[in-house]
Amino acid sequence: MSKATCQQDKSKLKISKVEPTDERITGRGGMTLFIHYIDQIKVIPALLMPLLGCLRKNRKGVPVDSLLKQIFCFFLDGTSRHLSYFDILQKDAGYAAAIETAPRRMASSHAVKRFCQSFSWPLVLMCRRILLELFVWRLQISRPAIILLDIDLMGMDNNDAHKREGVMPTYKKYLGFGALQMTWEGFIIDSVLRPGDKHSNHGRGTERMIRRVVDLVRSRYRKDVPIVFHLDSGYMDQKLFEAMEACDVGYICGGKLYSDITDAVRETPQKEWGCYFGSQQIEDGGVWEYVEFGDRRKTWKRFRRALFTRPVTEDNQLLLSFARPCAVLYTNLGMGYEIDEQLRQSGFESMLTPEGIIGCYHHRGRSELTFRVFKEFADQRLPFERFRPNAAFYYLMCIAFFLYEAFKEDVCGDIVPITSYPSTLRRKVIDIAAKIVGGSRTLKLKVSRAVWEALDFAKLWANCHIAPCVCLQ
């Protein structure tokens with residue numbers, strides 16, 4: 001009897017037919033949270049429209065604010081990296097309802113292409129100002145006692161693309177672009193897109209970027225906040241060091257292992273070596289040996305503080321002497337500059353010690369993770385043939401990435417760890433089934449009770465509406 005009952009229940013659960021529906025159903029229910037977050041912080045009307053609103057030449061096309069909103073959602077969605085995906089979204093009434101856009105206002109791929117191609121060079125460069133304004137916004141929220149900034153070159157692989165302007169051989173042996181980026185706590189706060197053959201410290205771009213950010217922080221945040229830059233050996237340049245010293249900021253820069261340095265270190269007695277014990281909770285866990293000395297290259301005008309370091313352990317295993325990757329660090333910390341007093345006043349006097357310098361420089365690995373997260377968030381292959389629209393598209397990616405990081409921190413911090421990758425947030429928060437229903441002149445977004453309870457959806461909804469606004473000054 002029980003066997004017959006099981007067979008009957010099984011036949012009731014079996015799906016025997018499929019049909020389409022005109023109900024507004026979407027698999028991106030979490031996108032509504034992102035849309036409400038953008039509306040709450042007022043980033044589009046307060047910051048983007050005053051600078052980019054002139055791109056709409058007539059009243060026939062999609063409004064610029066709606067187009068920007070759809071482009072940001074396209075990057076956050078991540079389902080497809082091709083612009084032709086806009087044509088699919090244009091026909092999806094459920095997706096349009098989820099992002100609160102009228103179906104007639106949904107942009108096609110051609111509209112997005114025309115939008116990016118309409119950027120002039122002044123407007124492309126204006127996007128850097130937008131990133132910096134967003135940086136000031138986050139500074140005013142977090143109120144950090146010290147600002148640690150990372151500068152590095154991110155390669156963008158376009159090796160399999162058709163011939164495009166600016167796609168050149170990079171130092172990583174592929175054809176692509178090179179993006180000079182300044183990062184802070186997972187955010188890209190400034191960037192310059194360049195052809196792939198331009199090296200890290202090409203021209204005066206890095207120096208101008210540093211001066212611009214320092215002036216902005218001093219004038220818009222705090223005059224006395226200590227600022228420390230992390231740089232790799234590609235930025236080992238006396239002129240760049242002098243520029244940072246003139247700005248009263250600190251720097252810790254990787255150096256090159258010249259033969260005279262390695263010979264001098266080889267003759268250093270073991271008793272003069274110190275030990276740095278990294279924290280096991282972060283990536284620099286382990287034991288490092290170091291020796292401190294002053295170094296002056298042939299063209300340098302002065303001696304600078306230097307630290308020669310080499311790891312003793314890796315993954316809790318001792319390394320043989322010939323297998324230890326050595327490094328040399330140059331810094332102006334502890335040399336009597338204004339930055340030393342700023343660190344003391346802020347309670348970071350420990351950063352003036354060799355152990356503090358090494359530990360601070362190991363923080364630089366966060367910038368490498370930022371590049372990895374950015375490449376997962378958006379495609380590093382740029383879609384246009386000409387360099388100018390590609391630059392516009394790239395800066396839109398950077399702005400969308402900044403908003404994604406802010407959304408993850410302000411809204412989803414209790415559900416998704418701040419250090420998580422975009423695929424995690426998409427899978428847990430964005431890619432949820434939802435139904436948009438109307439009645440009594442209102443629209444409601446309905447999700448399953450399991451999702452409602454698992455994500456604490458009511459709290460996510462409340463977090464979207466308490467975020468502080470972006471203000472352009």
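Values in this text are rule-based calculations from the coordinates and carry no lab data. Because the structure is predicted, anything quoted here is derived from the model rather than measured. Cβ coordinates were reconstructed from backbone atoms using ideal geometry, including for glycine residues, and neighbour counts include every protein chain displayed.
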Item checked: Cα centre as origin, Lys/Arg/Asp/Glu Cβ charges: the chain dipole, Debye -> 2260
Item checked: Whole-Å distance, taken between Cα centres, linking segment 93-159 and segment 193-258 -> 24
Next item on the list: Using the structure shown, select from 69/428; 14/444; 163/198 the pairs with a Cα to Cα distance greater than 25 angstrom.
Entry: 14/444
Notebook entry, point to check: Of (i) 1.32; (ii) 1.14; (iii) 0.99, which one was derived for Cα Rg over 2.2 N^0.38 Å from the structure shown?
Noted result: (ii)
Check: Once the other residues with Cβ under 13 Å from the Cβ of residue 421 are scored (Lys, Arg +1; Asp, Glu -1), what is the net sum?
Finding: +4
Next item on the list: Grab the beta carbon distance between residue 59 and residue 80, set R0 = 41 Å, and tell me the FRET efficiency rounded to 0.05.
Entry: 0.85
Next item on the list: For n ≥ 4 DSSP H runs only, could you compute -39500 (n - 2.57) per run for the chain, divide by its residues and tell me the 222 nm figure to the nearest 500?
Entry: -12000 deg cm²/dmol
Notebook entry, point to check: Which value in nm describes the separation of the simple spin-label points at residue 146 and residue 272, placed 7 Å from the Cα toward the beta carbon?
Noted result: 2.8
Notebook entry, point to check: Counting other C-beta atoms within 10 Å, which of 326, 275 has the fewest, and how do the rest follow?
Noted result: 275, 326
Note to self: Could you compute Rg(Cα) / (2.2 N^0.38 Å) for segment 73-158, with N its residue count?
What the structure shows: 1.47
Check: Excluding residue 233 itself, what net charge comes from residues whose Cβ is under 15 Å from its Cβ, given Lys and Arg +1 and Asp and Glu -1?
Finding: -2
Check: So in the chain, what percent of DSSP beta bridges are antiparallel if you round to the nearest 5?
Finding: 85
Check: If you take the charge dipole of the chain about its Cα centre, with +1 on Lys and Arg Cβ and -1 on Asp and Glu Cβ, which of 86, 228, 139 is farthest toward its positive end?
Finding: 86
Margin query: Explain nothing, just the number: dipole magnitude of segment 121-376 about its Cα centre with +1 on each Lys and Arg Cβ and -1 on each Asp and Glu Cβ, in debye rounded to the nearest 20.
Written below: 920
Next item on the list: Give me the distance in nm between label points sitting 7 Å out from Cα along the Cα-to-Cβ direction at residue 21 and residue 420, one decimal.
Entry: 2.7
Check: What helices does the chain hold that run 24 Å or longer along their axis, going by alpha-carbon atoms, with a Kyte-Doolittle average of 0.0 or more, using DSSP H for the helix calls?
Finding: 121-142, 387-410
Item checked: Inter-label distance for residue 100 and residue 335, nm, one decimal - labels placed 7 Å from Cα along Cα-to-Cβ -> 5.2
Item checked: Residue-span extension gain [residue 118 to residue 353] - 0.36 nm each, minus C-alpha spacing -> 79.4 nm
Next item on the list: Work through the residues other than residue 109 whose Cβ is under 13 Å from its Cβ and net out their charges, Lys, Arg +1 and Asp, Glu -1.
Entry: +3
